[in-house]
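Before any comments, here is the structure.
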Amino acid sequence: QQPVQSPQAVILREGEDAVINCSSSKALYSVHWYRQKHGEAPVFLMILLKGGEQKGHDKISASFNEKKQQSSLYLTASQLSYSGTYFCGTEIIDGNQFYFGTGTSLTVIP
Amino acid sequence: DTAVSQTPKYLVTQMGNDKSIKCEQNLGHDTMYWYKQDSKKFLKIMFSYNNKELIINETVPNRFSPKSPDKAHLNLHINSLELGDSAVYFCASSHVGTLQFFGPGTRLTVL
């Protein structure tokens, strides 16, 4: 029931864009996105509650495709501060459980 | 003011011992969680708890038990510690179904 993220790791140069995908085998009620820097706790980025909803946060945005049980996180014009591990978190409709995805390590280099 | 706090930050102990990790949140949230993050960085939910319901991840051994003296606290008790329990444990809190705030984590090392 753990959602699968892709890619597992990505290296970008400053200013480049990236997309991180999150796929679930179960129907989803909501999708959360978090970023965790090395040695720190995960920090919330955004939550998507409706199918098709897209939310933005500075140059980081996300979409939620309910039918495909997928969400994508879009990072545009990446900055060094974007480096970290990104996790999606999913609440499934059938049940009351929350699962984090497998994680995507993102490294932005100058 | 720290929103979600955990103690201790580091815990080193011998196999077979029993230990507890404390968690407190001052956000007025109704739901609290415990997560385990292993060396591969996978974040696995162990428990979620509000004043109405405890939801246990079925893969969590019954040596682990959450104890909530009140809405602001959810402590984690671990009996008969094993080597495989070594990990970072995160506490988190939220209003049900909304964003989660994480504590700083407790690094548990079992020798």
Checklist entry - Counting Lys and Arg as +1 and Asp and Glu as -1, what is the net charge of the other residues whose Cβ lies under 11 Å from the Cβ of A:PRO3? => result 0
Checklist entry - Do you know the Lys pair count in region A:4-109 for C-alpha distances under 25 Å, with sequence separation 8 or more or different chains? => result 12
Checklist entry - Expressed as a whole number of Å, what is the distance separating the alpha-carbon centroids of region A:59-110 and region B:92-111? => result 18
Checklist entry - What ³J(HN,Hα) values, in whole Hz, does the Karplus curve 6.51 cos²θ - 1.76 cosθ + 1.60 give for region B:40-50 when θ = phi - 60°, with x put for Gly and Pro? => result 8, 6, 5, 9, 10, 6, 9, 8, 10, 8, 10
Checklist entry - Can you list the HN-Hα couplings for region A:75-83, worked out from phi with the Karplus curve (6.51, -1.76, 1.60; θ = phi - 60°), rounded to whole Hz and with x for Gly and Pro? => result 10, 10, 6, 4, 10, 4, 5, 6, 4
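I want the local charge near B:SER39. Using Cβ-Cβ distances under 13 Å, sum +1 for each Lys or Arg and -1 for each Asp or Glu among the other residues.
Neighbourhood net charge equals +3.
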Next on the checklist: Give me the percent of accessible area attributable to carbon and sulfur for the protein assembly as shown, probe 1.4 angstrom.
Outcome noted: 51
Item to check | the protein assembly as shown - accessible surface per residue (Å², probe 1.4 Å) | outcome: 50
Item to check | Built amide H within the under 5 Å cut-off of B:VAL96, gap 5+ | outcome: B:ASP30, B:THR31
Next on the checklist: How big is the dipole moment of region A:4-109 about its Cα centre under a simple scheme where the beta carbon of each Lys and Arg is +1, that of each Asp and Glu is -1, and everything else is neutral? Debye, nearest 20, please.
Outcome noted: 100
Checklist entry - How much of the DSSP beta bridge set in region A:4-109 is antiparallel, as a percent to the nearest 5? => result 90
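So what's the projected area for the protein assembly as shown, the Cα convex hull averaged over all directions, in nm²?
Answer in nm², one decimal: 12.1.
The values are calculated or read from the model by the stated rules, or taken from the named source; none is laboratory data. Note that the coordinates shown come from a computational prediction; the quantities given were computed from them, not determined experimentally. Cβ atoms come from the backbone with ideal geometry, glycine included; neighbour counts cover every protein chain shown. Remember, those area values only see protein heavy atoms, side chains included, never the ligands or the DNA or RNA. Shrake-Rupley method; radii C 1.70, N 1.55, O 1.52, S 1.80 Å.
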